[in-house]
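Novice: I'd like to ask you about the structure that follows.
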Amino acid sequence: MHVNAQAGQRPGNRMLYIGDIAFTPSPQRLVGIRRGVVAVENGIVSGCYESMDDVPSDWLDAPKTDFGDALVIPGFNDLHIHAPQYPTAGLGLDKELLPWLETYTFPAEARFASPDYARIWYQRFIQRMWEGGTLRFSAFATLHREATLTLARLAQESGLRPVIGKVNMDRNGSEELSESTEESLDNTFAVIETMRSETPDIGYIVTPRFVPSTTPELMRGLAAIAQRYDLPVQSHLSENRGEVAWVRELHPECASYTDVYEHYGLLRDGKTIMAHCIYLDDEEIDTLRRHGVTVAHCPQSNANLTSGIMPARRYLEKGLHVTIASDVDAGHVPDMNRHIAAAVAVSKLWQTQYADETALRLPEAFHMATKEPGRFLAAATGQEPAGSFEPGYAFDALVVEPMTSPWGLSIAERVEQFIYTGAPANISHRYVAGREIPRPFAE
């Protein structure tokens, strides 16, 4: 039975949340506390306790929300998703990357030139993110200025906390999806300035689509914008062998795909996300580590488009920051529990070929979808960290109702059960920075 759980409740000064608490303070450690207590002040975790007996005396009069035997876990954070591709999720997945972009992605994104279409589908996208418990994310929009602002305004209204970028692409697009270098830069400036005044909870992230879509002039201009506003950067890197070969043809002056981004100033130290990163050599790995780049591992997408398997264990052992991401719509569902499971699964396949690179364990993968991407978002935006119930973290939380089992499961086993078999319907409450978020745009 849930006590004092009110939809849309804003954080008071102090609040105590009681339930079966689970989170990963480190990749190797999943903390599980049966009937634990999370103390939250002004939306920020003050402490996590084994029981009410351990709560400091000056907190005992704080209001309490008791979730009974439900799980309380951190909200998911997804560092690579394409918001305008949600309408085509699950389509064209017998194709590889480049023909798939031409056949499905570019026509799908071109439709966002219509403001009405953009509003309808971005509302549906945000609702779907809420349903699956992805409370913070890094989203590619399209090249359209007004549609990107529509996404930002809807995200602000929803209570979720993404970062969003207008896509930049001034070459190798399509007749319906193209822009000049000047248009791309001017519209980027306009979106940034408008978002700074209208959507204070939504961050901006500089978003060159990928090297084949951005000329040297555009890459230089975007690097200057990122420097001027101290903004993070997101793009794609080494997803597909054909793509890697194409970059080599376009930029023979650079030693590698990674070197192109570094050469044009788009590897911002500690503020860059590169998605996929399947075919990196040792020098490229060293470059990413030196710049503190965060890698977004997209296992479902990479399988769907026959792209390959990213060697997650190898990258972790070499000191890279690695997160798990959905890459919708090449990833066919946005639910992060599915991508955690996929990351573990493909790492097991990788281990069958490379026995010295052990598979991911579930606590590691859970950490890669909660605390590790939350770390990046905090560093890149200046917002509070999210993805854990340690002191100083935003209380971003999902309440997961008990699932049917004839076994007496531990908290770790219940987390595992939800990761592998859970669905949005199992999530009964969603909190962002201590505020319960009702379903966005509900009629």
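Novice: Label the stretch 215-358 by shape, choosing from rounded, prolate and oblate, from the square roots a ≥ b ≥ c of the eigenvalues of the Cα gyration tensor; if a/c is under 1.5 it is rounded, and otherwise prolate applies when a/b is larger than b/c, oblate when it is not.
Specialist: Prolate shape, in that a/c is at least 1.5 and a/b is the bigger ratio.
Novice: Stretch R290-F189 to full length: gain in nm at 0.36 nm per residue minus the Cα-Cα span?
Specialist: Taking R290 through F189 to full extension adds about 33.5 nm, to one decimal.
Novice: A follow-up question, please. Going by average Cβ density within 10 Å per residue, which order do the peptides 395-402, 359-366, 284-291 take, highest to lowest?
Specialist: 395-402, 359-366, 284-291
Novice: With springs only between Cα atoms under 10 Å, which of T352, T199, T188 fluctuates most in a Gaussian network model of the chain?
Specialist: Among T352, T199, T188, the largest mean-square fluctuation in the Gaussian network model of the chain belongs to T352.
Novice: Taking the beta-carbon count within 10 Å as an exposure proxy, list M274, M403 from fewest neighbours to most.
Specialist: Sorted ascending by nearby Cβ count, the order is M403, M274.
Novice: Work out, step by step, the length gained on full extension between E357 and D230: first 0.36 nm times the residue separation, then minus their alpha carbon distance; give nm to one decimal.
Specialist: 42.1 nm
Novice: Excluding residues fewer than 8 places away in the same chain, name every one of the lysines whose C-alpha is closer than 29 Å to that of K95.
Specialist: By straight Cα distance, K95 reaches K166, K348.
Novice: Can you pull the one-decimal nm distance between simple spin-label points at E217 and E198, each 7 Å off the Cα toward Cβ?
Specialist: Result: 2.9 nm between the two label points.
Novice: Additional query: Taking K318 as the anchor, which aspartates and glutamates have their alpha carbon closer than 18 Å to its alpha carbon, excluding any fewer than eight residues away along the same chain?
Specialist: Counting by Cα, and skipping residues close in sequence, K318 has these aspartates and glutamates nearby: D269, D281, D282, E283, E284, D286, D356, E357, E364, E372.
Novice: Continuing with the same structure: Indicate the gyration tensor shape class of the stretch 97-210 (rounded, prolate or oblate), computed on the Cα atoms with a ≥ b ≥ c the square roots of the eigenvalues: a/c under 1.5 is rounded; otherwise a/b larger than b/c is prolate and the rest oblate.
Specialist: oblate
Novice: Can you pull the one-decimal nm distance between simple spin-label points at A255 and T103, each 7 Å off the Cα toward Cβ?
Specialist: Label-label distance for A255 and T103, simple model: 3.8 nm.
Novice: Equivalent-ellipsoid semi-axes (√(5λ), Cα gyration tensor) for the stretch 170-259, whole Å, largest first?
Specialist: Calculated on Cα positions only, the semi-axes equal 26, 15, 12 Å.
Novice: Rounded to the nearest 20 debye, what is the charge dipole size of the chain about its Cα centre when +1 sits on each Lys and Arg Cβ and -1 on each Asp and Glu Cβ?
Specialist: Its charge dipole is roughly 620 debye.
Novice: Would you order I324, I309, I21 from fewest to most other beta-carbon atoms within 10 Å of each residue's own beta-carbon?
Specialist: I309, I21, I324
Novice: While we're on this one: Run through every distinct alpha carbon pair of the stretch 69-138 and return the Kirkwood hydrodynamic radius in angstroms, one decimal place.
Specialist: It is 13.8 Å.
Novice: Sticking with this structure for a sec: When the convex hull of the C-alpha atoms of the chain is computed, what volume per residue in Å³ does it have?
Specialist: 140 Å³
Novice: What is the fewest-to-most order of D69, D20, D282 by other Cβ atoms lying within 10 Å of their Cβ?
Specialist: Fewest to most other Cβ atoms nearby, the residues stand as D282, D69, D20.
Novice: What are the principal axis extents of the Cα atoms in the stretch 1-155, in Å, biggest first?
Specialist: Result for the stretch 1-155: principal-axis Cα extents of 61, 33, 25 Å.
Novice: Which of the three applies to the stretch 289-365, rounded, prolate or oblate, going by the alpha-carbon gyration tensor with a ≥ b ≥ c and a/c under 1.5 meaning rounded?
Specialist: Oblate shape, in that a/c is at least 1.5 and b/c is the bigger or equal ratio.
Novice: Please work out how much length the chain gains when fully extended from K95 to T421, using 0.36 nm per residue of separation minus the C-alpha to C-alpha distance, in nm with one decimal.
Specialist: 114.6 nm
Novice: Restricting to DSSP H runs of at least four residues, report the calculated mean residue ellipticity at 222 nm for the chain, -39500 (n - 2.57) per run over all residues, nearest 500 deg cm²/dmol.
Specialist: Here the helix-only value at 222 nm equals -10500 deg cm²/dmol.
Laboratory data are not the source of any read-out in this text; all were calculated from the coordinates shown. The model shown is predicted, which means the values in this text are computed figures rather than measured ones. Note that each Cβ is placed from the backbone with ideal geometry, even for glycine, and that neighbours are counted across all protein chains shown.
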